[in-house]
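**Student:** Quick one: the structure is below, and I'll ask about it shortly.
The values are calculated or read from the model by the stated rules, or taken from the named source; none is laboratory data. What you are looking at is a predicted structure, and each value in this text was computed from that prediction instead of being measured. Positions of Cβ are backbone-derived with ideal geometry, glycine not excepted, and every protein chain shown enters the neighbour counts.
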């Protein structure tokens with residue numbers, strides 16, 4: 001199989017209407033040489049594959065026998081693609097003119113940059129940063145994730161305040177540019193996550209092995225978001241809380257593992273109590289079940305944690321927020337990324 005330079009790869013599951021809406025933009029604005037577009041189909045039942053084959057003959061399809069989830073679906077499909085760079089692109093993303101070139105140039109010129117994301121704006125409000133990725137992802141010391149341009153439920157208007165190319169902790173899986181060799185050498189996405197936070201886990205492993213992850217603001221895409229699970233859906237609550245525990249268990253270094261993990265459990269208890277007194281009983285139950293499932297399955301992650309620690313070259317990351325974003329946001333009322341002070345010395 002001949003190697004192409006850039007493979008734009010969309011994982012699809014019953015997303016025929018999203019493909020109808022957004023694929024034309026991907027085709028129109030992805031005309032650089034040695035660029036190919038692939039659809040990995042996760043066992044769809046809505047005639048997605050035939051729709052693509054009949055209407056977009058230039059797109060290559062990889063058909064899986066069932067829905068393997070976001071992580072394993074990509075893992076299986078990407079093994080069938082020979083490319084220098086993968087672009088993992090959600091089916092509900094509208095790309096824009098010149099969305100590829102700035103990031104590919106950045107990767108071409110910097111071998112130590114393993115992954116990158118563009119500026120992610122909201123499809124429904126194109127002047128506002130979007131939930132999943134915004135202007136680059138970060139994480140606090142307790143594993144709570146946030147973005148430049150989006151802290152919890154506060155979404156900033158894009159006033160060019162984040163128009164500087166910069167290092168980040170994680171790049172969103174909604175539009176993730178990554179070197180194929182790094183993807184496979186670092187183990188790819190963890191299929192035990194099924195969906196949500198698996199790209200953050202991968203990014204943490206990448207950083208620990210000495211690579212860098214970047215945000216490139218000159219590339220812009222618009223994300224619809226919530227196409228698979230709305231962010232208030234209890235199923236998403238369950239996956240986020242469970243997978244966040246997986247994330248910490250796998251990646252926290254030995255020197256602060258027990259302290260951080262214990263404090264995180266307390267914070268989860270507070271979050272569950274807040275759901276309870278707000279009469280969000282399904283979300284309260286989702287947090288409870290997430291913890292039960294973590295305790296039941298944690299033995300499956302012991303070898304993964306051991307492997308991560310054995311391959312770790314860097315334990316302290318300048319893009320990790322060495323405080324609690326929960327305390328800063330809800331108690332100290334720091335509502336914007338510019339209010340935060342990073343000091344990991």
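**Student:** Scan segment 29-63 residue by residue and report those that are exposed (fewer than 13 other Cβ atoms within 10 Å of the Cβ) and touching a residue at least 40 places away in the same chain (Cβ under 8 Å).
**Tutor:** 32
**Student:** Next up: Checking the conditions here, which among 304, 313 is on the phi < 0 side of the Ramachandran plot, touching a residue at least 60 places away in the same chain (Cβ under 8 Å) and surrounded by 17 or more Cβ atoms within 10 Å (Cβ to Cβ)?
**Tutor:** The conditions single out 304.
**Student:** Does any residue of segment 46-61 turn out to be closer than 22 Å to residue 120 by Cα and touching a helix residue (DSSP H, G or I) at 6+ places or on another chain (Cβ under 8 Å)?
**Tutor:** Looking for residues that are closer than 22 Å to residue 120 by Cα and touching a helix residue (DSSP H, G or I) at 6+ places or on another chain (Cβ under 8 Å), one finds none in segment 46-61, hence no.
**Student:** Would you mention how many residues in segment 191-203 are over 12 Å from the mean Cα position of the chain (by Cα) and closer than 23 Å to residue 84 by Cβ?
**Tutor:** Total meeting the criteria: 0.
**Student:** Looking at 284, 262, 294, which is the one that is free of Cβ contacts under 8 Å to residues at least 24 places away in the same chain, out of contact with any strand residue (DSSP E or B) (no Cβ under 7 Å at 6 or more places or on another chain) and surrounded by 16 or more Cβ atoms within 10 Å (Cβ to Cβ)?
**Tutor:** Of the residues listed, the single one that is free of Cβ contacts under 8 Å to residues at least 24 places away in the same chain, out of contact with any strand residue (DSSP E or B) (no Cβ under 7 Å at 6 or more places or on another chain) and surrounded by 16 or more Cβ atoms within 10 Å (Cβ to Cβ) is 284.
**Student:** Only one of (1) over 17 Å from the mean Cα position of the chain (by Cα); (2) surrounded by 15 or more Cβ atoms within 10 Å (Cβ to Cβ); (3) part of a helix (DSSP H, G or I) is not met by residue 273, so which one is it?
**Tutor:** (2)
**Student:** Still on this model: State all residues of segment 332-345 that are loosely packed, with under 14 Cβ neighbours inside 10 Å and either under 25 Å from residue 213 (Cα atoms) or at pLDDT below 95 (or both); if no residue qualifies, say none.
**Tutor:** Scanning segment 332-345 gives 338, 339, 341, 342, 343, 344, 345.
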